[in-house]
Amino acid sequence: MTHVAIKAGDFSFKAKLELEAAPKTCAIFRSLLPYRQKIIHVRWSGEGVWIPLGGLDLGLTYENATSHPAPGDIIVHPGGISETEILIAYGALSFSSKVGQLAGNHFMTIEEGRDQLRKLGEHVLWHGALDIDFQAA
């Protein structure tokens, strides 16, 4: 499996797993599928939505880490200095928290539905949390 179908409210996307750049992160995420959560708008980082996972230990270290994901990039912060989280960038973003700059593993990239990313982000910003569902595609 190299792709993941993502549905959040009325928005649908298809993302490619970054298997070569982040193999461990991809393997752990695949083991969670199907995965259902809620997304909320980021607090500190700019234009993105995130899934807060608190103290969940996924057993990850940094691989293919970035603090500046591009629109459509999906990253996971492995925890430690800040809580574990999954973040989806829909615009300009500098990944950070109340403790400062963070980095997350870029493990998935949205390929289909990118034109809907800003609408998704703005919907979550103005209307609140949305259910999100990740399935093997």
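The values are calculated or read from the model by the stated rules, or taken from the named source; none is laboratory data. This is a predicted model, so every value here is computed, not measured. Counting neighbours? That spans all protein chains shown, and the Cβs are built from the backbone with ideal geometry, glycine included.
Looking at (1) within 18 Å of Lys16 (Cα to Cα); (2) modelled with pLDDT of 95 or more; (3) of a type in the set (A, V, I, L, M, F, W, C), can you tell me which one Ala129 breaks?
(1)
Just wondering, is there one or more residues in the stretch 68-81 that are modelled with pLDDT under 95, of a type outside the set (Gly, Ala, Ser) and over 21 Å from Leu33 (Cα atoms)?
yes
Among Phe13, Phe29, which is in contact (Cβ under 8 Å) with a residue 60 or more places away in the chain and closer than 20 Å to Lys119 by Cβ?
Testing whether each residue is in contact (Cβ under 8 Å) with a residue 60 or more places away in the chain and closer than 20 Å to Lys119 by Cβ leaves just Phe13.
Is it fair to say Tyr62 is on the phi < 0 side of the Ramachandran plot, touching a residue at least 60 places away in the same chain (Cβ under 8 Å), of a type in the set (Phe, Trp, Tyr) and out of contact with any helix residue (DSSP H, G or I) (no Cβ under 7 Å at 6 or more places or on another chain)?
No.
Taking the stretch 27-59, which residues are farther than 29 Å from Glu122 by Cβ and modelled with pLDDT of 95 or more?
Within the stretch 27-59, Ala27, Ile28, Arg30, Ser31 qualify.
Restrict the check to the stretch 67-84 and report whether at least one residue is within 16 Å of Leu130 (Cα to Cα) and polar (S, T, N, Q).
Looking through the stretch 67-84, none of the residues is within 16 Å of Leu130 (Cα to Cα) and polar (S, T, N, Q).
Among the residues of the stretch 78-137 satisfying the criterion of being of a type in the set (Val, Ile, Thr) and in a loop (DSSP other than H, G, I, E, B), which is surrounded by the fewest Cβ atoms within 10 Å (Cβ to Cβ)?
Of everything passing the filter in the stretch 78-137, Val99 is surrounded by the fewest Cβ atoms within 10 Å (Cβ to Cβ).
With the requirement that a residue be under 27 Å from Lys98 (Cβ atoms) and either among the small types (Gly, Ala, Ser) or in contact with a Gly (Cβ under 9 Å, 6 or more places away or on another chain) (or both), what does the stretch 26-38 give you?
Ile28, the sole residue that qualifies.
Can you name the residue in the stretch 32-75 that is of a type in the set (Lys, Arg) and part of a strand (DSSP E or B) and is also surrounded by the fewest Cβ atoms within 10 Å (Cβ to Cβ) among such residues?
Applying the filter and picking the extreme gives Arg36.
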